[in-house]
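Presented below is the structure to which this report refers.
Read the figures in this text as sums done on the coordinates, not as results from a lab. All figures in this text were calculated on a predicted structure; none of them were measured in a lab. No Cβ is skipped: glycine too gets one built from the backbone with ideal geometry, and neighbour counts run over all protein chains shown.
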Amino acid sequence: MKHLSKTDKSTFILVAILALLAPFILNPFPEGSAMAQFNAGYPDLMQRFAIFGILAIGFNILFGLTGYLSFGHAAFLGVGSYSAVWMFKLLSMNIVPAIILSVIVAGVFSLLIGFICLRRSGIYFSILTLMFAQMSYSLAYSVLTPLTNGETGLQVYNDDPQYLMGPNSSEVTNLFGLEMRSTFTLDVGPWAFQFNLGYYVCALFLLLAFYIAIRIFRSPFGLMLRAIKTNQTRLNYTGLNSRPYTLAAFVISGMYAGLAGGLMASMDPLAGAERMYWTASGEIVLMTILGGVGTLLGPVLGAGFIKYFENIFSKINDTVLHTWFSILPDGLENAIVWVLHFFVGKGWHLTLGLLFMMIVIFLPGGLMEGGQKIMNKIRGKKKNDKDGGAKAAATPAE
Amino acid sequence: MDAIFLQILNGLDKGSAYALIALGLTLIFGTLGVVNFAHGALFMIGSFCAVTLSKILTLSTVTLDPTKTDFLGNPLKVKTPYVVEWFGESTGNAMIDWSVPLAILFAIPVMLLLGWVMERGLIKHFYKRPHADQILVTFGLAIVIQEIVKATYGANPIPTPAPDQFVGSYNVGALIGLDASYPYWRMIYFGFSVTIIAAVFSFLKFTTFGMVVRAGMADRETVGMLGINIDKRFTIMFGVAAAVAGLAGVMYTPINSPNYHQGMDFLVLSFVVVVVGGMGSLPGAVLAGFLLGTLESFASMNEVKGFFEALYLPSIDQIIIYLVAIIILLTRPRGLLGRAGVMEE
Amino acid sequence: MSNLTRRGLLKSGAVMGAGLAAPTFFTNMAHAYTNAPTGSSVTLGFNVPQTGPYADEGADELRAYELAVEHLNGGGDGGMMNTFSSKALKGNGILGKKVEFVTGDTQTKSDAARASAKSMIEKDGAVMITGGSSSGVAIAVQGLCQEAGVIFMAGLTHSNDTTGKDKKANGFRHFFNGYMSGAALAPVLEARYGNDRNAYHLTADYTWGWTQQESIQQATEGKGWNTVNNVLTPLATTDFSSYVAPVLNSGADVLVLNHYGGNMINSLTSAVQFGLRDKVVNNKNFEIVVPLYSRLMARGAGENVKGIFGSTNWHWSLTDDGTKAFVKSFGEKYGFPPSQAAHTTYVQTLLYADACERSGTFNPCGVAEALEGFKFDGMGNGPTEYRAEDHQCFKDVLVVKGKENPTSEFDVLEVVEVTPRAQVEYPVDHPMFAGGDLGKCNPGA
């Protein structure tokens, strides 16, 4: 920690506190109230926030620093999950070997793909990565079924070998006996806060991933990557070969994706091929841009944003809407419900699409810029003269 | 031989759709420098122009037929389209039957207008923004368009058949001494797309307007300095690109029943086609479209699949396009006919 | 210390009153099973595709679920509750508790489906999850429910694996499967098309496609047919022309399309466009067969389905009392007849509720015991049995064909034959279903 600058340290501490207190922060509305629908503080979604946060942080190391836009990052997530589930099938339900293998396999896989794709730049690079991911998806869904279980998704069966499984070993994913699904519930009045072990494992990895990312951003290596983004030709003229640097960034971000995949399988031991489909890769790109490319915190916010909408808005159905507006006169109630029902439940995609557009139109720097604008407004009242300085300080990178 | 001949036809037919979509996409790249992820959605809107027209033509008066009952035992509702009432049985039914070709006339103004609105209202503000922002905003737009269509027409495909005259197939192989029947409508689709492609190329090649656009694609600043309003012309080209995608969609409806997500299904492939053809190259896009279409057709032949299976590469048809595209991109850095410096940074 | 449930705790927490209550550990002693309902209501989770290609099917399933909940709570005309042979349901909810429900979107992706099901279990306290429109999703969610300790009542899933290789003690399937399609279709095909036919299969290249193709091939070969070729088509295919064209000169005189949804519509359209149906091969009319039909999907193929044989789980034009009662209450509420997806989900909800009533508990183990070997009638498929060994329903299967003169947009299929249950039955250890392990029922806590 002592290697971090003051602003980085405070960002890191902020993230740590947020991650630690997520069960409280994400559960602001009392159970049974109309707003409880918007609570996100249940284990599965919190785990997803952390996992996709790791994924987006890793993606940002490649895209945010070097400017290379990979459109096939979901492939690494996929192979990570597959290797983790294979560890569960072959060894035991302990998540440690699973996560280690998923990071290694994703690293090797990304080294291979990166070595080929990084021969090209710009959109040619993007499409090359996209094609590799699509090939992985197609093969995993059909030909590679013995390895991936195809359409159904790879899962653990009762008759799998599981060589390290003792008679007393846990049947569910665990960390040396501590089950990932075990949850401690704290009841405070009408609130119920859930503290899930699996989530805290994910959160710990998120913090680790975040810390490494900060170190990379601030290192000479990170500086080199930024130089590649700024002007690769000029860099090459100085006699430097930039390829090893970009390849290293590519592999690191591939390993982040593998870690995310391994964690995903550790929380829920099933790996489906659609994890590698191009829309999944596109989602990672969207998360990063939405949050703010090249910022440290942005990608995590973007990941949370998209996952929140996917899981919360899709569950609001007409019946829920009717209960919300039941105090209104019938005609008005029906009219409001009729309008809103296009945006929630089966229409949650529409809301997401509209928000994508709005954010990119009004907040060119993504959610991070929105946050900064608010911060500046608050600070601006106090010290207008230092506005410029505050802005620079609040921007961790670029 | 028959089989090979048929697969060539299939390849040209698939290639037609790829080429038309990629042509518009690369036109937008080349003129405006914008990555348009909503281009597939434009193709889809074209298809739904045909659906909409056929819905309009079949707007009906409802009369009750007491002699028959519906599934609940109530008198059956018999629908008579207004056009049948107004124009008589034969003319009215013929109009409904011909709704797909008629939709071309309907789609051209709709697509041009839509393209113009899209460019002026949204894309214009994204010229100077990073490509990532362009992707995000056009992807968002594509989702919104999709969802609106889904809310209106549902998620299931909607059958939109060709006119009766073009149903069935013709033994086109007989012309060169083979036995190979090919569907009428697919031949029409190929002819149609060749016409459109030729029209776009001659428009750019032989008109002053097209000359200026080409000049602008090569060096926008200089053209601007000559006092020519290049932006206005590029806006019109955006409309043209939208119309090309839309027409590809209209004519495609009898081949595959349109559904709201078909744009996304074509999106990845059309980007692959554009990149293989080379960024900013119109002939490249057309060439790559037909090339990959033919490739896909041949890869699905049993003999080819069997050959690759013997090489331990089963189901080669799943990945052949990507494999060949990767090889092309690795041997030719800018695709088949790409220009240096376009979208390479 | 164990998993998942918190609704019950919450209620007890609320009793303690506002302010800071003592932390409550969730322990085995608190409840016997996951999400035991403690209040005056019970929550069911309806997990259906609301986005993606099967969204319309999902919407129809949701309509059926809402209808079922209405009937269970004593609203509406009671629908099939009146014709159901078991009379345990009284229209006062389940076990006296009012039925409430939450909905989610599977997106027809196993990841999203599991996320949605998990949120229903963890956040909303659902005791049962049901729904879905594809086998991949059904198997994924079934596995999740087994781990979490809730009951899964499968929706539309046709793969042999759901109650074969991937069967689970907490999962139950009312829908029929690929084997049954083959067994029901083959005799009808033999009767119509003779027994010296050469079949060419186009098969969707994933698990469901393979299991169906295997089933159909075995059943038709048993009737003397010869299988010329089986070509696997990628799932992402939109234009099947290059797969259909080689059929013309292959010497085959029957084309079997092992496709579903959009794939089926597109491959069938291509086949008809290429004039296959007008062909005469080996002095026989060329025929096309679509083993798994869905009315919603058949509509998308328009004119092309006319006269084409297939099988289906249920159709609204049946004339038994159960079907009539269901079609009436569904039709009056929504204005059009229900699909087979709507039927199977409605029946599954009622069966679950009934099993709870009969066993007197929501405990998955009690419910499973009540469902295992349960024989019933009056649900539209004739006498039906939930086989204890693999949790598959055995009942009559419908052979249908595309109607030549439809009277409305819903009147696409006509029932050709109701294949009796005995003909589609198979032993538990049939090779197509081998390799699975039902395991023990898991109540969660």
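Worth a mention:
- Residue-averaged beta-carbon neighbours from other chains (10 angstrom radius) around C:146-158: 1
- Under 27 Å from the Cα of C:LYS98 - lysines, other chains or at least 8 residues apart: A:LYS315, A:LYS346, C:LYS11, C:LYS87, C:LYS90, C:LYS118, C:LYS123, C:LYS324, C:LYS328, C:LYS333, C:LYS375
- In chain C, the ratio of gyration radius to Kirkwood radius, Rg to Rh, stands at 1.00 when only Cα atoms are counted.
- Total charge dipole magnitude, the range A:6-296, about the Cα centre, Cβ charges on Lys, Arg, Asp, Glu only, Debye to nearest 20: 1520 debye
- The range A:195-236 and the range B:144-164: distance between their alpha carbon centers, rounded to Å: 44 Å
- Helical segments meeting 15 Å axial Cα length and Kyte-Doolittle 0.0 threshold in chain C (DSSP H): C:135-148, C:178-193, C:261-273
- Between the range C:406-423 and the range C:80-112, the alpha-carbon center distance in angstrom: 27 Å
- Among A:LEU247, A:LEU207, A:LEU147, the residue with the largest mean-square fluctuation in a Gaussian network model of chain A, with springs joining Cα atoms closer than 10 Å, is A:LEU147.
- Chain C - charge dipole about Cα centre, Lys and Arg +1 at Cβ, Asp and Glu -1, debye rounded to 20: 760 debye
- Equivalent ellipsoid of chain B: semi-axes from √(5λ) of the C-alpha gyration tensor, largest first, are 36, 29, 19 Å.
- Loop-resident sites, the range A:245-306, for chymotrypsin sites (Phe, Trp or Tyr not before Pro), counting at most 16 other Cβ within 10 Å (DSSP): none
- Overall size of the protein assembly as shown from C-alpha positions, given as principal axis extents largest first: 87, 82, 65 Å.
- Listed residues C:ALA355, C:ALA191, C:ALA301, most fluctuating in chain C (Gaussian network, C-alpha, under 10 Å): C:ALA191
- Averaging 1/r over every pair of different alpha carbons in the range A:115-218 and inverting the result gives a Kirkwood radius of 18.7 Å.
- Rounded to the nearest 10 degrees, the angle from helix B:262-277 to the longest Cα principal axis of chain B is 30 degrees.
- Relative exposure of A:MET35, C:MET297, B:MET301, judged by other C-beta atoms within 10 Å (fewest first): A:MET35, B:MET301, C:MET297
- Size of electric dipole in the protein assembly as shown: Cβ of Lys, Arg +1 and of Asp, Glu -1, about Cα centre, debye, nearest 20: 4360 debye
- Computed log₁₀ I(q)/I(0) - Debye formula, equal Cα scatterers, no solvent, the range C:357-430, q 0.12, 0.16, 0.19 Å⁻¹: -0.50, -0.73, -0.86
- Dipole of the range A:6-296 computed with +1 at Lys/Arg Cβ and -1 at Asp/Glu Cβ about the Cα centre; of A:MET287, A:ILE214, A:PHE71, farthest Cα towards the positive end is A:ILE214.
- Our Cα-only numbers for the range A:98-174 put the radius of gyration and Dmax at 17.2, 54 Å.
- Value of Rg to Rh for the range A:6-296, rounded to two decimals, is 1.00; Kirkwood radius and Rg both from alpha-carbon coordinates.
- Cys with no candidate disulfide partner in the protein assembly as shown (beta-carbon separation under 4.7 Å rule): A:CYS117, A:CYS202, B:CYS49, C:CYS145, C:CYS356, C:CYS393
- Residues C:GLU417, C:GLU389, B:GLU147 in ascending order of nearby Cβ atoms (within 10 Å, fewest first): C:GLU389, C:GLU417, B:GLU147.
- Range in chain A, longest, excluding exposed trypsin sites (Lys or Arg not before Pro) [loop by DSSP; at most 16 other beta-carbon atoms within 10 Å]: A:120-382
- Normalised by residue count, the range B:229-345 yields a Cα convex hull volume of 142 Å³ per residue.
- Stokes-Einstein D in µm²/s, Kirkwood radius over Cα pairs - the range A:1-53 at 20 °C with 1.002 mPa s viscosity: 169 µm²/s
- Ascending count of other beta-carbon atoms within 10 Å, so fewest first, for A:PHE210, C:PHE172: A:PHE210, C:PHE172
- Taking every residue in C:93-102 and counting other chain Cβ atoms within 10 Å of its Cβ, the average works out to 1.
- Listed residue (C:GLY74, A:ALA22, C:LEU156) projecting farthest to the positive dipole end of the protein assembly as shown, Cβ model: A:ALA22
- Antiparallel bridges, percent of DSSP beta bridges restricted to the protein assembly as shown (to nearest 5): 50 percent
- DSSP bridge orientation in chain C - percent antiparallel, rounded to nearest 5: 30 percent
- Candidates B:ILE197, B:ILE176, B:ILE321, ranked by Gaussian network fluctuation over chain B, Cα under 10 Å, top entry: B:ILE176
- Pairwise Cα inverse-distance average, inverted: Kirkwood Rh of the range C:314-445 (Å): 16.8 Å
- Here's the picture: charge each Lys and Arg Cβ at +1 and each Asp and Glu Cβ at -1 in the protein assembly as shown, and of A:PHE132, B:ILE321, A:LEU247 the one pushed furthest to the positive end of that dipole is A:LEU247.
- DSSP-defined beta bridges in the range A:6-296 - what % are antiparallel, rounded to 5: 90 percent
- Sum of -39500 (n - 2.57) over DSSP H runs of 4+, divided by residues of chain C (222 nm, nearest 500): -11000 deg cm²/dmol
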